[in-house]
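Q: This is the structure I have questions about; it appears just below.
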Amino acid sequence: MGQRNEVAARAEANEGLTTLLSPDELERLRRQGRALTLEQSVRAARAALDELIAANAQQ
């Protein structure tokens, strides 16, 4: 059962990262004058992944 939860957490995290790093989302941020560098994008993606996995593990 634990492995299934981890798989589900990773799937949800991947979905969240796809949204976070989607071209539309990045373009929206650029229009707002808060353009992200590649390094900032990677850091944000890693933070989002950690949060999603932690949240799913608590459920």
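The values are calculated or read from the model by the stated rules, or taken from the named source; none is laboratory data. Since the structure is predicted, the reported quantities are computational estimates derived from the model, not experimental observations. Counting neighbours? That spans all protein chains shown, and the Cβs are built from the backbone with ideal geometry, glycine included.
Q: Search the range 30-59 for residues being more than 25 Å from residue 10 (Cβ to Cβ) and assigned to a helix (DSSP H, G or I), and hand back the single one that is modelled with the highest pLDDT.
A: By that ranking, first place goes to 31.
Q: Hey, can you tell me all the residues within the range 1-12 that are assigned to a helix (DSSP H, G or I) and at pLDDT below 75?
A: The answer is 2, 3, 4.
Q: Collect the residues in the range 7-22 that are within 16 Å of residue 38 (Cα to Cα) and of a type in the set (A, V, I, L, M), keeping them in residue-number order.
A: Within the range 7-22, 17, 20, 21 qualify.
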